[in-house]
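To start, the structure itself, in structure tokens.
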Amino acid sequence: MQEIKGVIFDLDGTLIDSMWIWGDVAEKYVRSHGGTPSPTFREELRTLNTTEEAQYYIDKFGVNLPVEEVIIGRDDMMLEHLKTVVQLKTGVMQVLKELKKRGIRICIATATERRLVEPSIERHGLGEYIEHIFTCTEENTSKSSPDIYFQAAEFLGTDINQTLVVEDALYAMKTAKEAGFVVAGVYDKVSDDEQDEIKSVCDYYWITLDEMLAHF
């Protein structure tokens, strides 16, 4: 691996095995408001940030609530899963400990709301390794734009060509790569149909995160 001084991790699907549950929760939420998700429903949500997803429910399925209430309702359904069911993905603690040992700075950039991120960080004991959490909502952006990655790199104090972005979602990998970051893709079963393209986009590709250590 080329010299890396900072790492920006995604959370869902990269550090925690939660993407499959997000899809279940999204479908449950829409059905609870009388909607019927289409066969392509989960695919359509992949590139949306939290606010965009809430607006999608309003526009597509007629959920008659303000965006803020839609977000709260959907997140309330997810929160219990994050507190009790969702586990770390393979190799996460091993990697975080090694990065810290080597003095490589670490932060998170996520499309997930902070009130869902922080319980996951606390439950799995990640706080001592993660220096800062950037959320798309707070930065008023999505991962279709590189802004959140630039903000994270600025915080880390690292040049983008020495900053590794680790993601499971193809669209986010493309965004980071086009912006000049070093990009690694981590396998997640929810994106199983995109793995060939992910491999073509990324500088590195790992089935499990601990494979990262072989490149140091």
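The values are calculated or read from the model by the stated rules, or taken from the named source; none is laboratory data. Since the model is a prediction, treat every value here as computed from it, not as a measurement. Cβ atoms come from the backbone with ideal geometry, glycine included; neighbour counts cover every protein chain shown. We work out accessible area using only protein heavy atoms, side chains counted, and drop any ligands, DNA or RNA first. Shrake-Rupley method; radii C 1.70, N 1.55, O 1.52, S 1.80 Å.
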Original post:
So Glu53 clears everything in (1) in a loop (DSSP other than H, G, I, E, B); (2) in contact with a helix residue (DSSP H, G or I) (Cβ under 9 Å, 6 or more places away or on another chain) except one condition, right? Which one?
Top reply: (1)
Original post:
Scanning the range 71-87 for residues that are in a helix (DSSP H, G or I), aliphatic (A, V, I, L, M) and in contact (Cβ under 8 Å) with a residue 24 or more places away in the chain, which turns out nearest to Lys28 (Cα to Cα)?
Top reply: Met77
Original post:
Within the set of pairs 6+ apart or on separate chains, which have a first residue in the range 119-133 that is among the acidic types (Asp, Glu), a second that is crowded, with 17+ Cβ neighbours inside 10 Å and at pLDDT 95 or above, and C-beta atoms under 7 Å apart?
Top reply: Glu131/Arg105; Glu131/Ile106; Glu131/Cys107
**OP:** Looking for whichever is at pLDDT 95 or above, surrounded by fewer than 15 Cβ atoms within 10 Å (Cβ to Cβ) and of a type outside the set (S, T, N, Q) here; the options are Asp192, Asp168, Asp147, Asp196. Which one fits?
**Re:** Asp196
Subject >> Within the range 191-215, tally of residues that are touching a residue at least 24 places away in the same chain (Cβ under 8 Å) and polar (S, T, N, Q) >> reply: 2
**OP:** Using the structure shown, decide if Thr47 is open to solvent by 30 Å² or more (accessible area, probe 1.4 Å), modelled with pLDDT of 95 or more, closer than 30 Å to Leu164 by Cα and not in a helix (DSSP H, G or I).
**Re:** no
Original post:
Only one of (1) free of Cβ contacts under 8 Å to residues at least 60 places away in the same chain; (2) more than 21 Å from Ser18 (Cβ to Cβ); (3) surrounded by 18 or more Cβ atoms within 10 Å (Cβ to Cβ) fails for Gln55. Which number is that?
Top reply: (3)
Subject >> Candidate set: the range 91-123, residues that are of a type in the set (Val, Ile, Thr) and under 23 Å from Lys5 (Cα atoms); chosen: the one nearest to the chain's Cα centre (by Cα) >> reply: Thr110
Original post:
Of the residues Val25, Val7, which single one is touching a helix residue (DSSP H, G or I) at 6+ places or on another chain (Cβ under 7 Å), crowded, with 18+ Cβ neighbours inside 10 Å and assigned to a helix (DSSP H, G or I)?
Top reply: Val25
Subject >> Selected residue [buried (at least 21 other Cβ atoms within 10 Å of the Cβ), closer than 27 Å to Glu69 by Cα, modelled with pLDDT of 95 or more and of a type outside the set (D, E, K, R)] from Ile133, Ile108 >> reply: Ile108
Original post:
Going through the range 171-189 one residue at a time, which ones are open to solvent by less than 20 Å² (accessible area, probe 1.4 Å) and touching an Asp or Glu at 6+ places or on another chain (Cβ under 8 Å)?
Top reply: Ala172, Met173, Ala176, Val182, Val183, Ala184, Gly185, Val186, Asp188
Subject >> Residue pairs meeting the criteria (Cβ under 9 Å; at least 6 apart or on separate chains; first closer than 17 Å to Leu156 by Cβ, in the range 93-105; second open to solvent by 40 Å² or more (accessible area, probe 1.4 Å) and of a type in the set (Gly, Ala, Ser)) >> reply: Arg105/Gly157
Original post:
Consider Thr141 against the criteria (1) touching a strand residue (DSSP E or B) at 6+ places or on another chain (Cβ under 7 Å); (2) open to solvent by 10 Å² or more (accessible area, probe 1.4 Å): it satisfies all of them except one. Which criterion is unmet?
Top reply: (1)
